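Colleague: Here's a structure for you.
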Amino acid sequence: MTKSSVLIVDDEPDLCELLSITLKRMDTNPTAAGDVASAQRLLKAERFDLCLTDMRLPDGDGLDLVQWIQQHIPNLPVAVITAHGNVETAVRALKVGAFDFVSKPLDLNRLRKLVASALKLAGDSEGDTAVFGPRLLGDSQPMHALRDMIARVARSQAPVHICGESGTGKELVAKLIHESGPRREGPFVPVNCGAIPNELMESELFGHKRGSFTGAVADKQGLIQSAEGGTLFLDEVADLPLHMQVKLLRVIQEKAVRPVGEQRETPVDVRLLSATHKDLAQLVAEGKFREDLYYRINVIELRVPALRERLGDVQELADAILRRLARRMKIEQPSLAPDALALLASYNFPGNVRELENVLERAITLCADGVVRAGDIQLRSSTTAAPAANAPAAPVLGDHLEEIERAAIIKALEQTRYNKTAAAKVLGMSFRALRYRVKKLGIE
């Protein structure tokens, strides 16, 4: 088999030598470049399976090289080497497309894990998209966009925050990200943050040592450590109490956990995915969610569309749900009458796909001859039905006020040459409040 090729981009000879020795011991073929221009020439002339680049280079920034690779060789994983504690730089690198990052001084065990994961990915240029077919249903444009986004974020190790209404399938999306990436052979550990009592949360997430508190009769591994080598999915992350948010932030930054009663931290290698149906940016503005944690878990945001945004998928979803329910109930699959399909396709589905499943499960028990008709379907009040496509939109006061607010903010930003601190003073609000409004109103 041909050895994997790794490009090292760094102007420090000692670091290049250390990386080359480590990579050769991993049976790879390393090549070194001292600056951005040399790296680009090599990348144009040769094929590489991974690029490791320092952030500070003589003729440019490592982020510039990451962006260049994203434009010209998008299937090449690129990892950045950052200064110790420079969290902001690492987050910026992940946002522009870096696969992962490693901090100086280099932890060689962590580096080896990173390289191994990246080389798995290099041999799979499109990701394991076969998992999409039978599980993520729908042929609408929003679903095509969602599949494309899943395939792209699966090729990174960046934290992903999945947002969307209850019942849209956020955990399914998290599973697909895991199964489509290089960690697919590792565990997928889902944690519902809202379902764990506050007094047990630290022990459940981080584990504990025997005798660390009353009832701790044996050592216990936490859920974070149980995801070693795989993916940790924190569902309803907005429900984490503030003291646990601080501890989670340290886990993300240091890539280590400390069980309750333990004096030392233990390194942990997990990819973090999170989800909530709440507006995290709003919770940050209200002081209910830590801003620093928000920016660490929300490196990439992935929105799952509501069912009312893709009503054209209702028939395919309904057929799949009826098929699954029939197998579970050990009956012949019932068919969906045209009047029943028309009723479902005109409904707003505030409970999304989960509500569709519940509606069809009730309908199966009510239908008499193996055909689900409109009379068998029980929906909420008709006031929740989707508006007709050609119905004129009613004027909304909130929209009008937002336009006034947007204009005022843009004017203040222009007056201060886009200095947000100065603009906030002009508007008589805090810098944090201005940043939240800018993001919410889509000004940037």
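The values are calculated or read from the model by the stated rules, or taken from the named source; none is laboratory data. Predicted, not measured: the structure shown is a model, and the values here were computed from it. Here the Cβ positions follow ideal geometry from the backbone for every residue, glycine too, while neighbour counts run over all protein chains shown. Areas reflect the complete protein model, heavy atoms only, side chains present, ligands, DNA and RNA absent. Shrake-Rupley method; radii C 1.70, N 1.55, O 1.52, S 1.80 Å.
Colleague: If you take just the helices (runs of 4 or more DSSP H) that sit entirely in the range 279-357, which of them hold at least 2 residues that are modelled with pLDDT of 90 or more and more than 24 Å from Val372 (Cβ to Cβ)? Outline the logic, then answer.
Modeller: Values: elements: 280-285, 291-297, 314-329, 338-345.
Filter on the range 279-357 gives 280-285, 291-297.
Colleague: Then there's this: Can we say Leu52 is hydrophobic (A, V, I, L, M, F, W, C) and assigned to a helix (DSSP H, G or I)? Before you say what the answer is, go through the steps one by one.
Modeller: Working: hydrophobic (A, V, I, L, M, F, W, C): yes; assigned to a helix (DSSP H, G or I): no.
So Leu52 does not fit the description; no.
Colleague: Condition first: open to solvent by 50 Å² or more (accessible area, probe 1.4 Å) and touching a residue at least 40 places away in the same chain (Cβ under 8 Å). Now tell me which residues in the range 65-84 satisfy that.
Modeller: Of everything in the range 65-84, just one residue is open to solvent by 50 Å² or more (accessible area, probe 1.4 Å) and touching a residue at least 40 places away in the same chain (Cβ under 8 Å), namely Asn75.
Colleague: Okay, moving on. When residues of the range 40-78 are filtered for being under 17 Å from Ser4 (Cα atoms) and among the aliphatic types (A, V, I, L, M), how many remain?
Modeller: The total comes to 8.
Colleague: Now for a separate question. Of the numbered conditions (1) modelled with pLDDT under 90; (2) touching a helix residue (DSSP H, G or I) at 6+ places or on another chain (Cβ under 6 Å); (3) hydrophobic (A, V, I, L, M, F, W, C), Met244 fails exactly one; give the number of that condition.
Modeller: Exception for Met244: condition (1).
Colleague: Exactly one of these conditions fails for Arg112: (1) modelled with pLDDT of 85 or more; (2) under 27 Å from the mean Cα position of the chain (by Cα); (3) outside any helix (DSSP H, G or I). Give me its number.
Modeller: (3)
Colleague: While we're on this one: Of these, Gly229, Gly186, which one is at negative phi and at pLDDT 90 or above? I'd like the intermediate steps shown before the answer.
Modeller: Numbers: Gly229 fails: at negative phi.
Among Gly229, Gly186, only Gly186 is at negative phi and at pLDDT 90 or above.
Colleague: Pairs please, first residue from the range 140-157 and closer than 18 Å to Pro182 by Cβ and modelled with pLDDT of 90 or more, second anywhere and among the β-branched types (Val, Ile, Thr) and open to solvent by 20 Å² or more (accessible area, probe 1.4 Å), Cβ atoms under 7 Å, 6+ apart in sequence or on different chains.
Modeller: Close Cβ pairs satisfying both conditions: Val153/Ile300.
Colleague: So Asp49 ticks every box in (1) farther than 18 Å from Leu119 by Cβ; (2) touching a residue at least 12 places away in the same chain (Cβ under 8 Å) but one. Which box is left unticked?
Modeller: Just one mismatch for Asp49, condition (1).
Colleague: Please note which helices (runs of 4 or more DSSP H) are completely contained in the range 169-275 and include at least 1 residues that are of a type outside the set (A, V, I, L, M) and within 16 Å of Pro159 (Cα to Cα).
Modeller: Ranges flagged: 170-179, 242-254.
Colleague: Let me ask something else. May I ask you to list the residues in the range 411-426 that are open to solvent by 60 Å² or more (accessible area, probe 1.4 Å) and either part of a loop (DSSP other than H, G, I, E, B) or of a type in the set (A, V, I, L, M) (or both)?
Modeller: Narrowing the range 411-426 to residues open to solvent by 60 Å² or more (accessible area, probe 1.4 Å): 411, 414-415, 417-419, 421, 425-426.
Those that are open to solvent by 60 Å² or more (accessible area, probe 1.4 Å) and either part of a loop (DSSP other than H, G, I, E, B) or of a type in the set (A, V, I, L, M) (or both): Arg417, Tyr418, Asn419, Val426.
Colleague: To continue, here is another question. Regarding Thr22, is this residue among the β-branched types (Val, Ile, Thr) and either part of a helix (DSSP H, G or I) or under 15 Å from Ala93 (Cβ atoms) (or both)? Step through it out loud before you land on a result.
Modeller: Working: among the β-branched types (Val, Ile, Thr): yes; either part of a helix (DSSP H, G or I) or under 15 Å from Ala93 (Cβ atoms) (or both): yes.
It is true that Thr22 is among the β-branched types (Val, Ile, Thr) and either part of a helix (DSSP H, G or I) or under 15 Å from Ala93 (Cβ atoms) (or both).
Colleague: For the range 50-64, what are the residues that are surrounded by fewer than 22 Cβ atoms within 10 Å (Cβ to Cβ) and of a type in the set (Gly, Ala, Ser)?
Modeller: Across the range 50-64, the qualifying residue is only Gly60.
Colleague: Working carefully through the options Pro190, Pro159, find the one that is open to solvent by 60 Å² or more (accessible area, probe 1.4 Å) and within 15 Å of the chain's Cα centre (by Cα). Don't jump to the end; show me each part of the working.
Modeller: Working: Pro159 fails: open to solvent by 60 Å² or more (accessible area, probe 1.4 Å).
The conditions single out Pro190.
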